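See structure below.
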Amino acid sequence: MNFVKREIQDNGRIAHWANIEAADGRVLRVITLSDGETVHNAFFDRNFYKRQQRGEEPV
């Protein structure tokens, strides 16, 4: 998976965002533990997608 953005949160977890073409280009946000591999949570991020459409986030 090619992530378009990566951000380390204050609690040490890492947030990754990726465009998923098979889901009509929606953006999947994956939160991992500090090791960068263990998935804590994953969900489609509508707000990030809207910011992408406005040019505020990487595509």
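The values are calculated or read from the model by the stated rules, or taken from the named source; none is laboratory data. Worth saying up front: this structure is predicted, and the values here are computed from it rather than measured. Cβ atoms come from the backbone with ideal geometry, glycine included; neighbour counts cover every protein chain shown. These area figures cover heavy atoms from the full protein model, side chains too; ligands, DNA and RNA do not enter into them. Shrake-Rupley method; radii C 1.70, N 1.55, O 1.52, S 1.80 Å.
Things to note:
- Accessible carbon and sulfur surface of the chain relative to its total accessible area, %, 1.4 Å: 44
- Correct choice for log10 I(q)/I(0) by the Debye sum over Cα atoms at q = 0.13, 0.14, 0.18, 0.19 Å⁻¹ that was computed from the model, options [x] -0.46, -0.51, -0.70, -0.74; [y] -0.51, -0.57, -0.78, -0.82; [z] -0.31, -0.36, -0.59, -0.65: [z]
- Taking 7 Å steps out from each Cα toward its Cβ at Asn11 and Ser34 produces label points 1.4 nm apart.
- Average accessible surface area per residue within the chain, 1.4 Å rolling probe, Å²: 71
- By a 1.4 Å probe calculation restricted to protein chains, Arg6 has an accessible surface near 150 Å², given to the nearest 10.
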